[in-house]
Amino acid sequence: MNGLAVRSPLEMALLHGTNDSTIPIARAREARDVLIGAGFDVHLRELGGFEHNTIYTRGESVVRPAWEFLKSTALEQEPRYQAYTY
């Protein structure tokens with residue numbers, strides 16, 4: 001594990017295209033696994049057929065799930081700054 005050990009009340013969403021040749025989907029899966037292993041609550045949504053810049057032509061299909069994720073993970077209270085040491 002890359003020296004990360006954190007408990008965070010914030011959930012994370014990763015949205016990544018399955019046909020991204022700039023940053024392959026395997027990297028998003030690795031990032032998810034590392035973050036989960038470090039104590040983060042991470043949700044990876046694989047966007048079938050999307051390439052690296054698909055958001056510019058099919059933005060609604062990315063923005064809507066991102067917004068739904070944000071609405072579903074609203075915090076009960078404002079997050080406060082906390083310095084972490086690694």
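Please treat every number below as a calculation from the coordinates, not as lab data. Here the structure is a predicted model, which is why all the values come from computation and not from measurement. FYI the Cβ positions are ideal-geometry reconstructions off the backbone, even for glycines, and counts take in every protein chain you see.
Structural remarks
- Inter-site label distance for ILE23 and GLU46 at 7 Å from Cα along Cβ, in nm: 1.7
- From least to most packed, judged by other beta carbons within 10 angstrom and beginning with the fewest, GLU51, GLU30 follow the order GLU30, GLU51.
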